[in-house]
1. In nm, give the distance between the simple-model label positions of A:T268 and B:L175, each being 7 Å from the Cα along the Cα-to-Cβ direction.
2. Could you tell me the number of lysine pairs in region A:239-392 with C-alpha atoms less than 24 Å from each other, where the two lysines are 8 or more residues apart or belong to different chains?
3. Which distance in nm do the two modelled labels at A:Q368 and A:T289 give, with both placed 7 Å along the Cα-to-Cβ direction?
4. Quick one: grab the alpha carbon gyration tensor of region A:308-401, order the square roots of its eigenvalues as a ≥ b ≥ c, and give me rounded if a/c is under 1.5, else prolate or oblate depending on whether a/b is larger than b/c.
5. Tell me which residues come under 5 Å, amide H to amide H, from A:I212 once H is placed; ignore anything under 5 positions away on its chain.
6. Put a dot 7 Å past each Cα toward the Cβ at B:R230 and B:F367; how far apart are the dots in nm?
7. When you count, for each residue, the other Cβ atoms within 10 Å and take the mean per peptide, how do B:293-305, A:119-131, A:222-234, A:20-32 rank with the highest first?
8. Roughly what % of DSSP beta bridges within region A:4-229 run antiparallel, to the nearest 5?
Amino acid sequence: MAQVLLEKITKIYPGGVKAVDAIDLHIADKEFIVLVGPSGCGKSTTLRMVAGLEEITDGTIRIGDRVVNSVPPKDRNIAMVFQNYALYPHMTVYKNMAFGLKLRKVPKNVIDQRVMEAAKILAIEHLLDRKPKALSGGQRQRVAVGRAIVREPAAFLFDEPLSNLDAKLRVTTRAELKRLHHRLKTTTIYVTHDQEEAMTLGDRIVIMKDGIIQQADTPLVTYQKPVNRFVAGFIGMPPMNFFDGLLKMVNGAMVFEEGKLEDAKVVTKRADEPQVAIGQVTLPGNGFTIPVPEQLRACLGAKVGKHVVLGIRPEHLSLTDHGGESINVKLNVVEPLGNDMDLYLETVLHPHVVARVEAHAGLEVSSQVKMFVDLKKIHFFEPGETGVNLSLVSEKPHAAA
Amino acid sequence: MHWDPNILATVPEKIIRIANPFTFIAWFTIGVVILVAWDRTRLKILYAVKSLWVGFSILAMLWVIISSMGTSKDFVQVPEKALMQFFDYHNPATMTAMAVCLACCGGIVALAVMLARRPTGGEYSFYAGQGLLGALGLGALLAGAHFNGFDHWRENYIRAWTIARMGDYMINSVLISVGSVGLITLLSAMATYALTKLEFPGRDSMLYLFVASLAIPTQLILVPLFLMMRNWHVAALNFSFMDSRFGLIIIYAALSLPFTIFLLSGFFRSLPSELGEAAAIDGCGEFTTFSRIYFPLAAPGLTTAAIFNFIGIWNEYNFALVFITNPDLKTLPVGLYYLVVTQQYAAEWPALFAGIVILFVPTFLIFLILQRQIIAGLTLGSVKG
């Protein structure tokens with residue numbers, strides 16, 4: 001058991017590709033941390049550097065109190081579970097699990113005891129004499145986990161261990177991994193590209209993009225207070241809807257108007273737009289307009305007349321009025337999910353808007369509907385893929401959900 | 001061989017009449033035609049032709065075996081007499097036996113193809129070859145009951161084994177072949193592991209260099225190598241490449257490395273790198289990763305490589321001739337040639353044929369026993385293991 005410290009870790013591959021860019025990460029003892037991000041974001045490379053399978057270009061890695069930069073993998077006291085399980089095909093399940101201990105010259109009775117114990121935890125006692133070829137995917141996965149836990153290492157490293165399992169098995173194994181972590185309390189670093197897996201497993205999740213950590217926090221915080229547009233779009237399923245537009249003052253009140261920024265113009269005559277002060281920027285389009293809620297006005301003050309991106313999660317759009325603003329949309333597709341359903345909508349300017357609402361009968365496809373926006377839960381971002389979440393600049397906490 | 005020909009004498013005349021060599025060929029052709037008609041693809045025709053070819057080479061082999069059991073006089077007077085007696089037109093028993101056997105042969109080939117749901121090329125050729133071989137061998141045994149020429153096999157083989165020293169040469173051949181195959185397998189497995197699984201600068205160019213050296217004919221380097229090795233020796237170990245079994249082993253190993261590394265590299269690449277990574281984390285160093293993980297996993301590929309090398313080295317003639325001059329250290333192929341040279345005027349043909357059979361039997365047995373392994377090994381690495 002140990003903490004793992006990454007300080008300014010950088011990986012540059014031959015050829016100059018920067019896979020990981022000076023990341024800092026402090027993983028506490030007994031913590032379950034999940035690295036998540038799209039493919040090519042550097043999450044696997046980071047894990048492999050911790051494992052010692054990949055050389056570190058710059059920075060230091062500490063496991064416990066020891067700098068392990070140049071320590072070979074076998075001496076780092078870690079165990080890893082691979083995506084393809086990487087079980088030794090020529091060894092039985094028992095030998096697969098005992099291999100690491102045998103190489104460390106652990107006495108035979110201790111090996112036996114530990115393997116049996118791990119097999120019991122994972123319910124694979126009846127498989128110990130089989131070769132990996134004779135196991136199903138789920139069983140192989142358990143053996144791979146068993147091989148890791150018999151070693152009793154300082155840290156577990158998981159490299160997308162569930163991605164080769166079918167959907168149902170993935171969910172059950174996910175829960176088992178969580179239970180296992182509660183039981184063993186070993187520091188765990190887990191890599192996945194699946195945000196749902198990350199949310200359910202991690203004590204903290206680390207969202208990465210292009211070799212940079214975007215946000216590292218508890219699942220709930222990354223969901224409620226995403227630091228930027230990328231995190232907001234990555235965490236949560238279906239992803240957040242984003243609308244480009246402009247903040248402007250209408251009759252002294254701050255509003256967001258959806259529209260294309262190329263069309264922006266400055267109001268020069270009173271007649272152009274009576275509510276908007278002369279000298280202000282406005283959009284002549286026919287996008288929707290919603291008022292900016294009170295608690296956000298302070299932090300958005302400097303952005304009036306500028307391009308911002310509005311983010312609304314699908315679950316914060318609803319068909320029933322809870323006292324929010326509404327926007328008019330066209331209903332394209334209804335996807336019933338049982339308790340909930342996903343509505344695929346279209347605004348005048350935005351062809352792909354998703355809403356998750358309670359299951360509802362009698363919705364007519366291709367009709368116009370009114371969607372109510374939960375104004376307490378909307379976000380405003382700077383434009384750009386990783387635009388900063390402007391709503392967080394304020395010290396005032398978000399309305400708790 | 002105790003087999004009463006009178007049993008066959010009771011076979012009706014009609015059946016005997018259709019049993020002549022032309023009928024055998026007809027039977028076989030019918031079998032082949034059935035095959036082709038069964039699945040009219042070019043591939044099947046190709047394999048039919050291939051099995052005929054296999055049949056021809058087996059007939060030649062059969063002729064050598066039969067000749068090794070007769071007398072020199074028989075052979076010199078009528079070289080094809082052995083075969084003629086084998087196909088004795090006038091002996092109804094022999095003829096019937098042969099007819100049955102060859103008909104069986106065609107049948108076996110046809111059956112094999114029909115039964116195997118999806119015979120691969122290799123399987124098909126082997127079924128065909130085995131069918132033919134089995135049938136002919138059976139025929140030879142049956143016919144042998146009536147061929148008094150076979151009576152001399154014992155003296156012929158004893159002469160070849162002792163007087164022509166085939167026994168001694170056999171020991172040399174076994175030592176040299178087994179030694180060099182062992183050395184090649186070990187060295188090439190290690191080299192291939194390094195060239196495919198480890199990362200170091202110049203790795204790929206080194207692999208290409210090995211592959212490129214396949215293009216150099218060994219005959220080309222024979223003379224320069226001889227001139228280099230002639231005067232080179234380690235006095236302290238009393239070692240020289242000349243007239244030394246161990247020297248020849250090293251030369252063979254060096255010559256076979258490029259081919260073996262080339263053969264194995266595809267196979268090693270097909271073994272997942274994650275296994276090595278898992279082993280590294282489990283506590284293996286480079287060498288233990290190789291010896292405990294990749295070496296056992298490469299066993300099928302290594303076996304194939306070992307068999308190919310064994311057959312090549314067992315039959316190797318040029319280098320054995322040039323580097324070994326001491327008659328005590330000669331290998332079988334060279335010894336066989338000396339048998340021809342020394343008996344130029346003595347005309348001990350049956351003993352020579354006995355020598356050929358002695359030379360040929362080990363490789364043949366290896367092929368028979370390990371054929372599946374060889375075919376499997378050749379396609380290994382092409383599909384995900």
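Please treat every number below as a calculation from the coordinates, not as lab data. Source: prediction; values computed, not measured. Here the Cβ positions follow ideal geometry from the backbone for every residue, glycine too, while neighbour counts run over all protein chains shown.
1. So the two model labels end up 10.7 nm from each other.
2. 25
3. It is 1.7 nm.
4. Prolate shape, in that a/c is at least 1.5 and a/b is the bigger ratio.
5. A:D21
6. Label-label distance for B:F367 and B:R230, simple model: 3.7 nm.
7. My ranking of the peptides, most packed first, is A:222-234, B:293-305, A:20-32, A:119-131.
8. Taking every DSSP beta bridge within region A:4-229, about 50 percent pair in antiparallel fashion.
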